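Below you'll find the structure, written out as structure tokens, and then a few comments.
Just so you know, all these numbers are worked out from the coordinates, no wet-lab data involved. Note that this is a predicted model, so its numbers are computed, not measured. With ideal geometry, Cβ positions are generated from the backbone for all residues, glycine too; neighbour counts draw on all protein chains shown.
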Amino acid sequence: MKKLYFFGISFLLFVVIGQNAYAAAREWELDQAHSNIYFSVGHIYSKIQGHFNEFSAKVSFDPANLKESHFFVKIKVDSIDTGISKRDKHLLSADFFESGKHPLITFESKTITDAGKGVYEVAGRLNIKGKEYDLTLPLTFAGVKDHPAVPGKQVAGFNGTITVDRIVLNVGDEKFYKMGLVGKDVEVLVTFEALAVK
Amino acid sequence: MNNSAKRSSLFTANGYRSLIMLGIALLLGGALAVPFYYETQTLWYKVGPDKILLRAGQLAGMLTLVLLMLQIIVAQRVSFIENLFGSAHLMRWHRINGVLVACTALIHVVLVLAPEGMNNLPIGKKYLPEMIGELLFLMILITVVSSHCRSLLRLDYATWRMVHRPLGYFALVLVFIHVFFVSESFTHILPRSLLIVIFAGLALFTGVIQRTRLGRSHWK
Ligand code: HEM
């Protein structure tokens with residue numbers, strides 16, 4: 001009887017702890033209007049800024065459950081916007097993104113680690129122009145609070161900057177870099193808000 | 001008529017013809033100089049064959065623009081011009097030039113688009129000036145095909161003419177909008193002003209001809 005009792009308790013504990021360990025992290029819905037992926041790249045002496053108008057993100061995030069937290073971002077390359085339509089067309093050509101052949105950029109997180117002070121190292125795979133690269137984005141978790149304008153919902157905020165070498169990522173060869181026209185280091189700012197039911 | 005009077009009247013007709021040809025040559029030369037003298041930034045960022053293609057595409061665009069303007073002028077059937085060159089001769093030229101306009105427009109479209117990639121076409125509201133060019137190209141094709149295959153399409157003359165005339169004038173409006181907004185060359189004060197003056201003059205000229213019927217009826 002004692003054995004059976006012990007077995008029953010162990011089974012219950014296993015189920016409860018097991019479920020906790022595999023419980024999905026909290027899912028968040030991207031607030032498109034308040035989320036952006038900006039970039040900035042050097043041009044001779046100045047900086048040219050742009051952003052992507054169309055992208056989606058699946059966000060599961062819980063600082064207390066990083067193992068189950070996950071980010072998946074999908075960017076529509078032809079939504080690039082630098083404010084000059086002819087420049088955008090050039091960026092979409094084979095000289096840079098070749099969007100006709102590679103219409104999407106994706107990033108999927110593999111591991112998320114707490115780096116302290118609200119920063120989370122989001123390591124994952126970046127797929128750009130049909131090739132995959134390891135990329136770690138230091139993402140600052142701004143926090144969670146009740147949404148000031150949407151009753152019953154909470155809002156979470158994330159901000160991260162990273163500098164990538166466009167030539168390493170095959171976004172254009174060295175042609176314009178060697179001419180001294182377009183820089184190779186691209187600063188990327190990922191800034192977004194996501195909502196979830198309270 | 002004595003010999004000297006004959007010579008001087010011949011000289012006058014020849015003189016006018018030469019003057020008109022000189023005007024056309026100047027217009028064409030000036031137009032073709034624009035992509036070189038007022039180089040666009042799109043050309044700055046093209047190297048090798050892409051640069052050649054884009055430049056050739058811009059030249060083809062300028063050529064199409066001039067040919068389209070001449071096409072509209074000739075279509076007015078101004079007695080003075082018809083007396084100088086001959087009605088039948090001008091009509092033959094109008095028909096040939098129509099095909100030429102379609103060909104140079106096609107060359108322009110292909111050469112301007114090729115350097116950015118044919119799977120990277122300017123479609124969407126962001127590319128409105130280019131989209132107007134696309135509409136213009138379609139209209140030119142419809143106009144030329146319907147004129148040259150009228151019997152094949154079983155279009156009677158009255159119907160064809162009813163469509164042909166507005167299409168021609170609409171093409172002129174569209175080409176002005178396309179060039180004015182798409183081309184960086186025409187952001188410079190001189191080419192921009194000249195474009196406005198030439199098109200305003202052309203609109204006034206066709207307007208006056210149509211209203212006063214100074215021109216003859218349409219070719220049959
Ligand atoms: C069919 C009638 C058309 C005519 C008469 C025409 C005429 C012209 C002219 C005169 C220019 C200025 C060239 C310069 O900057 O020096 C131009 C530029 C341009 N056209 Fe057209 N066009 C036509 C159709 C099109 C179409 C269908 C497209 C396709 C989208 C197009 C795309 C462009 C572009 C992108 C430029 C700017 C090129 C650059 O500055 O790099 N055009 N066009």
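Work through the residues other than A:Lys110 whose Cβ is under 12 Å from its Cβ and net out their charges, Lys, Arg +1 and Asp, Glu -1.
Taking every other residue near A:Lys110 into account, the sum is -2.
Tell me, what is the FRET efficiency for B:Tyr157 and A:Ile44 to the nearest 0.05, using R0 = 41 angstrom and their Cβ-Cβ distance as r?
The value I calculate is 0.10.
I'd like the distance between the alpha-carbon centres of the range B:21-84 and the range B:107-174, rounded to an integer number of Å.
18 Å
Could you tally up the Lys pairs in chain B with alpha carbons closer than 30 Å? Skip any pair fewer than 8 positions apart unless they're on separate chains.
Pairs that pass both the separation and distance tests number 4.
Give the lysines whose C-alpha is closer than 24 Å to that of A:Lys145, dropping any in the same chain fewer than 8 places away, or say none.
Correct list for A:Lys145: A:Lys58, A:Lys67, A:Lys117, A:Lys153, A:Lys198.
Work out the FRET efficiency for B:Leu138 and B:Ala203 from their Cβ-Cβ distance, taking R0 = 22 Å, and round it to the nearest 0.05.
It comes to 0.45.
On a straight-distance basis, which aspartates and glutamates could pair with A:Lys101 in a cross-link, Cα separation under 18 angstrom, same-chain partners fewer than 8 positions away excluded?
Within the straight-line limit of under 18 Å, A:Lys101 reaches these aspartates and glutamates: A:Glu54, A:Asp78, A:Asp88, A:Glu132, A:Asp173, B:Glu116.
Give me the Debye-computed log₁₀ of I(q)/I(0) at q = 0.06, 0.07, 0.08, 0.10 Å⁻¹ for the protein assembly as shown, equal point scatterers on Cα only, no solvent, two decimals.
The Cα Debye sum returns log10 ratios of -0.44, -0.55, -0.65, -0.84.
Can you bin the range B:17-153 into rounded, prolate or oblate? Criterion: square roots of the alpha carbon gyration tensor eigenvalues sorted a ≥ b ≥ c, rounded for a/c under 1.5, prolate for a/b above b/c, oblate for the rest.
oblate
Please give the length that would be gained between A:Lys145 and A:Lys178 if that part of the chain were fully extended, namely 0.36 nm times their separation in residues minus their C-alpha to C-alpha distance (nm, one decimal).
7.1 nm
For the range A:24-197, what is the convex hull (Cα atoms) projected area averaged across all directions, in square nanometres?
Here the figure is 10.7 nm², rounded to one decimal.
Where Lys and Arg each count +1 and Asp and Glu each count -1, what net charge lies around B:Ile52 among other residues with Cβ under 14 Å from its Cβ?
Here the count lands on +1.
Hey, what angle do you get for helix B:157-182 against the long axis of chain B, alpha-carbon based, 0 to 90 degrees rounded to 10?
50 degrees
Can you list residues whose amide H is under 5 Å from A:Glu29's amide H, if they're 5+ apart or on another chain and H is modeled 1.01 Å from N?
A:Leu195, A:Ala196
Output the 0 to 90 degree angle, nearest 10, between the alpha-carbon long axis of helix B:49-75 and the longest principal axis computed from the alpha carbons of chain B.
Its long axis makes an angle of about 30 degrees.
Assuming R0 = 35 Å, what is the FRET efficiency of A:His34 and B:Ile177, from their Cβ-Cβ distance, to the nearest 0.05?
0.45
If we count every other residue with Cβ under 14 angstrom of A:Asn65's Cβ, Lys/Arg +1 and Asp/Glu -1, where does the sum land?
Local net charge: -2.
Quantify how much of the Cα-Cα distance distribution of the range B:93-220 extends past 18 Å, in percent.
63 percent
Can you work out the Karplus-derived ³J(HN,Hα) for every residue in the range B:192-199? Use 6.51 cos²θ - 1.76 cosθ + 1.60 with θ = phi - 60°, whole Hz, and x for glycine or proline.
5, 5, 4, 4, 5, 4, 5, 5
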